[in-house]
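Structure first, then comments.
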Amino acid sequence: MLCYHRVNDSEKNYLTVSTRHFRDQMKFLFNEGYQTISLSSLLAGEGNGRNIVITFDDGFRDNFECAYPILKEFGFRATIFCVADRMNTEGYLTRQDIQEMRASGFEFGSHTISHPHLLRLKADKKWQEIFGSKKMLEDLTQNRVDFFCYPYGEYDKESVALVKKVGYLGACSNNPGANDGKMDHYLLKRTEVSPDDSLNDFKKKMAGAFDLLHRGLHWVRRRP
């Protein structure tokens, strides 16, 4: 599962992948025979070794203006995790954007109401962010919102328990790695794509080299 935030050519920051790099990455996936599936399909066990889930965090408008045309070019779709109170505001997706993308098979999930650090919130505030965003986005999309994404990749037992209680079917973390039959549906792993990734870096990430490196570093750090 891949994680992006922004795709455009007007900003240079740690969240933004250029359109050229993004198109090169999608072309590579297409040429290698990958097909995109939804999170719903992944959790239903419908995926195989050539299926991939593409996700975007925050719901920036360039997801529609820049990434969407490239994804359509290759017959791909994605899941977009929206910060509920930013939708229909400057720089973020509009209701019309969401309707068009949904008609093309895109899936929309929650990224809370205001993108807070959940670990800093008391339980009632966590509930408001996790439950309230689901309701707001279901009103906006006129469709079920079944998936959640933890802001900043931060979570604790209480946050995970609340996500389950609200009725989400699954949630994405920023933990790297592949998702298999033993995956925790509420701590789904994703591989983040960096603006600095060359196409060769991207290929290595797809091959799992970066995940293996991360696991090795984690093991070394845990050694006494």
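Annotations for the structure displayed:
- The stretch 1-18 residues that are closer than 14 Å to residue 67 by Cα, paired with ones that are of a type in the set (Val, Ile, Thr) and part of a loop (DSSP other than H, G, I, E, B) (beta carbon under 7 Å, 6 or more apart): 2/193; 3/193; 4/193; 17/193
- If you go through the stretch 23-50 and keep only what is more than 17 Å from residue 171 (Cα to Cα), surrounded by 14 or more Cβ atoms within 10 Å (Cβ to Cβ) and of a type in the set (S, T, N, Q), you end up with 25, 35, 36.
- Leading residue by the ranking (nearest to residue 181 (Cα to Cα)) among those in the stretch 49-70 that are in contact with a Leu (Cβ under 6 Å, 6 or more places away or on another chain) and of a type in the set (Val, Ile, Thr): 53
- The lone criterion from (1) surrounded by fewer than 17 Cβ atoms within 10 Å (Cβ to Cβ); (2) under 30 Å from residue 31 (Cα atoms); (3) polar (S, T, N, Q) left unmet by residue 79 is number (1).
- Every residue from the stretch 116-145 that is surrounded by 20 or more Cβ atoms within 10 Å (Cβ to Cβ) and not β-branched (Val, Ile, Thr): 118, 126, 129, 133, 134, 137
- Scanning the stretch 20-70 for residues that are polar (S, T, N, Q) and part of a loop (DSSP other than H, G, I, E, B) yields 38, 48.
- For residue 156, the conditions (1) surrounded by fewer than 17 Cβ atoms within 10 Å (Cβ to Cβ); (2) within 18 Å of residue 14 (Cα to Cα) are fulfilled apart from (2).
- Flag for residue 182 being in contact (Cβ under 8 Å) with a residue 24 or more places away in the chain and among the charged types (D, E, K, R): no
- Some residue of the stretch 120-128 being under 26 Å from residue 26 (Cα atoms) and either free of Cβ contacts under 8 Å to residues at least 40 places away in the same chain or of a type outside the set (D, E, K, R) (or both): no
- Residue 97 meets the conditions (1) at pLDDT below 95; (2) buried (at least 16 other Cβ atoms within 10 Å of the Cβ) in every case but one. The failed one is (1).
- Taken over the stretch 129-159, the criterion of being free of Cβ contacts under 8 Å to residues at least 24 places away in the same chain, in a helix (DSSP H, G or I) and in contact with a helix residue (DSSP H, G or I) (Cβ under 8 Å, 6 or more places away or on another chain) is satisfied by 129 alone.
- Residue in the stretch 29-50 that is in contact with a helix residue (DSSP H, G or I) (Cβ under 7 Å, 6 or more places away or on another chain) and among the charged types (D, E, K, R) present: no
The values are calculated or read from the model by the stated rules, or taken from the named source; none is laboratory data. All values reported here derive from a predicted model rather than from experimental measurement. We place every Cβ from the backbone using ideal geometry, glycine too, and count neighbours over all the protein chains shown.
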